[in-house]
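This report refers to the structure that appears directly beneath it.
The values are calculated or read from the model by the stated rules, or taken from the named source; none is laboratory data. Quick caveat: nothing in here was measured; it's all calculated off a predicted structure. Glycine also receives a Cβ, built like all others from the backbone with ideal geometry; neighbour counts cover every protein chain displayed.
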Amino acid sequence: MDYLQDDATASSGLEGKNYFAEKFPALAYNRPMVDEAKSSWSISEIARRVGLRASAIRYYEQIGILERARRVSGQRRYDEAVLYRLAVVRTAQEAGFTLDEIRRLFFGFPQSTPVSQRWKRISERKMVEVDARIAQIQSMRKLLKKLETCCDCETVERCGAGILAADERG
């Protein structure tokens, strides 16, 4: 998918400017800059704070979702900005985005594109996928109901024969 292409914007499902502030009250919302001198946390502190395993944070670094942490005496050290990025990762995952799609959210647009516009564009595409999945699940439900109420077969062979006959009738 080309996320750089101009699209008509669609609702992201994240109405209200306070969505992230309400979802992640421990994090200061939309701070303009981070003062590295005031915050330096270990990977275990970050993991505990955002509810992830340290291995997940290392993996996010490895695949490029997070920048490589600076090292102090061989240990990874993080500033406050990583908390915000991980909050976005977690929310995107909850919305069904893959790690590749999340990487595109962060890096698949010109740097000047506001994050709000990025969310709108990728959310529109995700909604198309979700709608298709809903249609598939509704079709599965219909079939399950039909099997539950209509099948009175005593053997698998008899059931299979009935299914083939129904398929041939259209």
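General observations
- When the stretch 99-142 is filtered for residues that are surrounded by 14 or more Cβ atoms within 10 Å (Cβ to Cβ) and outside any helix (DSSP H, G or I), the ones remaining, listed by number, are 108, 109.
- Flag for residue 57 being of a type in the set (A, V, I, L, M, F, W, C), under 22 Å from residue 44 (Cα atoms), touching a helix residue (DSSP H, G or I) at 6+ places or on another chain (Cβ under 8 Å) and in contact (Cβ under 8 Å) with a residue 40 or more places away in the chain: no
- Only listed residue being assigned to a helix (DSSP H, G or I) and modelled with pLDDT under 90, chosen from 22, 61, 36: 22
- Checking each residue in the stretch 42-78 for being surrounded by fewer than 11 Cβ atoms within 10 Å (Cβ to Cβ) and closer than 15 Å to residue 88 by Cβ picks out only 51.
- Residue satisfying all of: in the stretch 84-98; of a type in the set (Ser, Thr, Tyr) and crowded, with 16+ Cβ neighbours inside 10 Å; farthest from residue 127 (Cα to Cα) among these: 84
- The set of residues in the stretch 86-100 being touching a helix residue (DSSP H, G or I) at 6+ places or on another chain (Cβ under 6 Å) and touching a residue at least 40 places away in the same chain (Cβ under 8 Å) consists of 86 alone.
- Count of the stretch 143-155 residues which are of a type in the set (D, E, K, R) and surrounded by 10 or more Cβ atoms within 10 Å (Cβ to Cβ): 2
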